[in-house]
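Engineer: Below you'll find the structure I mean.
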Amino acid sequence: MYQYGQYCPIARAAELLADRWTVLIVRELLVNVSCFNDLERGLPGISRPLLSERLRRLVHGGVLERRAAERGRRIEYRLTAAGRELRCVISALGKWGVRRAFGEPRPSELDPAILLWWMRRRVCTDAIPRRRVVIQFDFRGAAKRTYWLVIKSSEASICLKHPGFDVDLLVKADVAAMYDVWFGRAKLSDAVRKRDICLQGLPAMVQAYPRWFALSPLAERVRARLRSGNLRGQTTKG
């Protein structure tokens, strides 16, 4: 841990939280991601040794507690009271990012796997019309890849291989267009009209799809900045 050598609350907090990946680890923990493997999935690019080191530091700093899960030997990481206080810090950072730093995406940022991981956490299970729904996502462009999202009861799983169930809805999309919709930079209906996103399946499934996912928690703020004309950059092209 880098030490600034300054007797200052901001310096002490920065020593604990300002290293690479730490803020994003806290972001994941604040949405109830608790096990090591799920944290790793939500942070593509981080190495397992580095994730372990950051978690150990947060435990030592009183931000996390490490404990055995109720079932089995799996270890869980849970925010302490001090860690939960960081919600307002992360929220403020997100709001500032929308206002001052959120412009056009870099190509390397458009990862369909991480987008589906975020969408998985925002499934509106009450709107799902069947006991199990399988959505196939065919992404076009530089991020050409196929994934399956299986939604059953209150759980949603991302599959890298065909799950063996009938596909209820096929979503063919440019990954940039999917990100635009997720963050509120574009409406799904507009992306479908432009054929940046194509929905194929039974009419009832196609019509219901827009109600199956809530958007990013920051989407409404992004929309507000777009309406004000102050968001950096314009909507990405599909």
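Bear in mind that the values in this text are calculations on the coordinates, not laboratory data. A quick note: this is a predicted structure, and the numbers were derived from the prediction, not measured. Every residue, glycine among them, receives a Cβ derived from its backbone with ideal geometry; neighbour counts consider all protein chains shown.
Engineer: Over its Cα atoms, what ratio of radius of gyration to 2.2 N^0.38 Å does segment 107-228 give? Working shown, then result.
Structural biologist: Numbers: Rg = 13.9 Å, N = 122, 2.2 N^0.38 = 13.7 Å.
That ratio works out to 1.01.
Engineer: Which value results for Rg/Rh of segment 53-92 when Rg is the Cα radius of gyration and Rh the Kirkwood radius based on the inverse mean 1/r? Intermediate values should be presented prior to the final figure.
Structural biologist: Working: Rg = 11.5 Å, Rh = 10.9 Å.
Reported Rg/Rh, Kirkwood definition of Rh: 1.06.
Engineer: Treat the count of other C-beta atoms within 10 Å as a stand-in for reagent exposure and order E15, E155 from fewest to most. Walk me through the intermediate numbers first.
Structural biologist: Working: E15 17, E155 11.
If I rank by nearby Cβ atoms, fewest first, I get E155, E15.
Engineer: Please compute the Cα-Cα pair-distance distribution of the chain with 5 Å bins starting at 0, giving whole percents from short to long.
Structural biologist: The calculated distribution, bin by bin, is 1, 5, 12, 15, 17, 16, 13, 10, 6, 3, 1, 0, 0.
Engineer: In addition: How big is the Cα convex hull of segment 1-64 in projection, averaged over all directions, in nm²? Before the final figure, lay out the partial values.
Structural biologist: Values: hull surface 17.2 nm².
Average of the hull's projected areas for segment 1-64 equals 4.3 nm².
Engineer: Mean-square fluctuation check for the chain, GNM, Cα pairs under 10 Å: which of C35, C159, C88 is largest?
Structural biologist: Largest GNM mean-square fluctuation: C88.
Engineer: Give me the percent relative contact order of the chain, please, defined on Cα pairs under 8 angstrom at least 6 residues apart.
Structural biologist: Details: 317 pairs, mean separation 40.1, N = 238.
After rounding, I find 17 percent.
Engineer: How are the alpha carbon pair distances in segment 16-144 distributed across 5 Å bins from zero to the largest one, expressed in percent?
Structural biologist: Using 5 Å bins, I get a P(r) of 2, 8, 16, 19, 19, 16, 11, 7, 2, 0 for segment 16-144.
Engineer: Going by how many other Cβ atoms sit within 10 Å of their own, how do K95, K161 line up, fewest first?
Structural biologist: Listing K95, K161 from fewest to most nearby Cβ atoms yields K161, K95.
Engineer: Take the alpha carbon atoms of segment 143-209, find their radius of gyration, then divide it by 2.2 N^0.38 Å using N residues; give the quotient.
Structural biologist: Numbers: Rg = 12.7 Å, N = 67, 2.2 N^0.38 = 10.9 Å.
Scaled against compact globular proteins, the figure is 1.17.
Engineer: Could you tell me the center-to-center distance, by alpha carbons, between segment 123-184 and segment 35-85 in angstrom?
Structural biologist: Here the answer is 27 Å between Cα centres.
Engineer: Which of the lysines could be linked to K172 by a straight reach, that is with a Cα gap under 28 Å, when you skip same-chain ones fewer than 8 residues away?
Structural biologist: Within the straight-line cut-off, K172 pairs with K144, K152, K161, K187, K194, K237.
Engineer: Using the number of other C-beta atoms within 10 angstrom as an exposure proxy, rank D168, D180 with the fewest first.
Structural biologist: Details: D168 21, D180 24.
Result, fewest neighbours first: D168, D180.
Engineer: So which GluC sites (Glu not before Pro) in segment 22-105 pass both tests, a DSSP loop state and at most 15 other Cβ atoms within 10 Å of the Cβ? Intermediate results must be reported in sequence, preceding the final value.
Structural biologist: Working: sites: E28, E40, E53, E65, E70, E76, E85; in loops: E70, E85.
Of the GluC sites (Glu not before Pro), the ones in loops of segment 22-105 whose Cβ has at most 15 other Cβ atoms within 10 Å are E70, E85.
Engineer: Right, here's the next one. Sequence gap at least 6, Cα distance under 8 Å: using those rules, report the relative contact order of segment 1-141 to the nearest whole percent.
Structural biologist: Normalised by residue count, the contact order of segment 1-141 is 18 percent.
Engineer: Output the antiparallel fraction of DSSP beta bridges having both residues in segment 107-228, as a percent to the nearest 5. Spell out each step's value before the answer.
Structural biologist: On the way: 19 of 25 bridges.
Counting only bridges with both partners in segment 107-228, antiparallel ones make up about 75 percent.
Engineer: Which whole-Hz couplings ³J(HN,Hα) result when phi for each residue of segment 32-44 is put into the Karplus expression 6.51 cos²θ - 1.76 cosθ + 1.60, θ = phi - 60°, listed in order with x for Gly and Pro?
Structural biologist: 6, 7, 10, 9, 4, 5, 5, 4, 5, 5, x, 10, x
Engineer: To continue, here is another question. What is the set of long-range amide H partners of E76 at a cut-off below 5 Å, with H atoms built 1.01 Å from backbone N?
Structural biologist: Here R67, A68, A69 satisfy the definition.
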